[in-house]
Amino acid sequence: MDPLWQGITGKRDKATPVGLGSVSAGAPLISAASGPAMEIAHILFVDIVGYSRYRTVQQADIQRELQHQLQMAGEVTMGREEKKLIIRPTGDGAALLFLRDVLSPLRCAIQLQSLLRHNEREIRDRTGTMFHLRMGIHTGPIIVSTDLNSQSEVAGEGVNMAQRIMDCGDAGHILLSAEYAEKLRTVDPWPRYLQDIGECQVKHGVTVHLFNFFGKFDGIPCGQPGKPAKVAATEKATQEARRTRAGMSQGAKRLVIAFCMGMIFLGGGYGAWNHPATRQQIVRMYRQVTRPPVAAKPEKKPAKPSGSAVAKKSSPTNDREARPVQASVTPDIENVASPRLRNDAPPETVTIPSFLGMTLEEAQELADERGLRLVRSQRSGYTTEVSEGQIYEQSDAAGRRMRVGKTIYVRVSKGEAPETIATPDPEVGSKEDETIAKTPE
């Protein structure tokens, strides 16, 4: 009998001697399939911002206050009653592993921020200060085992990734991994509160795709709009790396041309270089690599014909007289082949970013980076989705491709609406906005 099968079943042949590696009749069954169970958990990682800057006495008070606020959260109470929640303190925060509902960590994050805002005065009285949290949410595999003190011990990739996602945020941010955000896209009303903020490089050079969660629930704002500092730094480093690679590729092309010219001299000799066709081919190759990028030209609207032009167009005789005679021109071979005289390059386009939740200054800076023109709509209204001074609507949806230099109209929130009857706003990017945009400052 196969030794591996003996180890799994605990059986052996009568001819097999009992020795090293054999399984006796009274020995416990040990197989390759045994070990701690792996589960899928929905993890909320909570961190106290600037915890090391507090004094030692304040650190202990803040830890007790965080535990007290967590016990008051409804999702924590339900998870403990159903025994579907594992809480592990991390020194400057806590890790909450929910084994039940997918929405449990997100609801718990909203409840925790609401409790901190509602009980701010009592927290200041008990701790002498007001601390702030940053949170990360991820769905991933975990392994639950028991330590020497008969306590549940948690490990696995899911916990590590939730901590790295939390590390990317600033004070007040609730960041979600792409895996967790994908589970919320089909469940209302959560998709409207998600903002794709791109990728961020974390520990060991790993790049994670992040979503920012923010909005108002029962009139209390939750989350923090805008990109965290680490995400902005990653975007800047990526752009610099792309520019460096583009410069290196141009240099490599020039080296290839120089190598080709050298091979022509060595292989064909001086006579090959004197041939006109060879020189023209090398010149065309050099122009193609060294030409500057062609910028997209703005579209020109056709001019309205004047009265005299209309009169001439209506007359058949004048039309025949005004029609130019096309002369047959023999094209120059080198000019036709030269890439500098071609104007068939496609216009440069960029991907429209999401300006929702940004201030007008932040959105203007992002639009300048993408080569787009940003215009504030004069019909901005009142809304509770974002704070006052932040963008809540844009004329073109994020993710679409648009020509460089095009105009995007945005609406900026005026805060909560006063108790008056408001008239409906026109659609953003209407003719009135276009007229305002064309008016010189």
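The values are calculated or read from the model by the stated rules, or taken from the named source; none is laboratory data. Owing to the predicted nature of the structure, the values given are computational and were not obtained by experimental measurement. We place every Cβ from the backbone using ideal geometry, glycine too, and count neighbours over all the protein chains shown.
Okay, here's what the table says:
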item	result
Breaking point among (1) surrounded by 15 or more Cβ atoms within 10 Å (Cβ to Cβ); (2) at pLDDT 90 or above; (3) among the polar types (S, T, N, Q), for Gln67	(1)
Selection count, the stretch 385-402, where residues are surrounded by fewer than 16 Cβ atoms within 10 Å (Cβ to Cβ) and assigned to a strand (DSSP E or B)	1
Those helices (runs of 4 or more DSSP H) lying entirely in the stretch 39-153 with at least 2 residues touching a residue at least 40 places away in the same chain (Cβ under 8 Å)	56-72, 104-118, 120-127
Test: residue in the stretch 375-384 that is within 18 Å of the chain's Cα centre (by Cα), closer than 20 Å to Arg192 by Cβ and either exposed (fewer than 14 other Cβ atoms within 10 Å of the Cβ) or touching a residue at least 12 places away in the same chain (Cβ under 8 Å) (or both)	no
Members of the stretch 250-265 found to be at pLDDT 70 or above, within 41 Å of the chain's Cα centre (by Cα) and not β-branched (Val, Ile, Thr), listed by number	Arg254, Leu255
Residue satisfying condition, being closer than 24 Å to Arg117 by Cα, in a strand (DSSP E or B) and of a type in the set (S, T, N, Q), within set Gln224, Gln195	Gln195
Given (1) at pLDDT 85 or above; (2) within 25 Å of Thr351 (Cα to Cα); (3) not aliphatic (A, V, I, L, M), index of the condition Thr238 fails	(1)
Residue match in the stretch 169-185 (condition: part of a strand (DSSP E or B) and among the basic types (Lys, Arg))	no
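Yes or no, residue by residue, for (1) buried (at least 16 other Cβ atoms within 10 Å of the Cβ); (2) modelled with pLDDT of 75 or more; (3) in contact with a Leu (Cβ under 9 Å, 6 or more places away or on another chain):
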{"site": "Arg185", "(1), (2), (3)": "no, yes, yes"}
{"site": "His204", "(1), (2), (3)": "no, yes, no"}
{"site": "Phe211", "(1), (2), (3)": "yes, yes, yes"}
{"site": "Met248", "(1), (2), (3)": "no, no, no"}
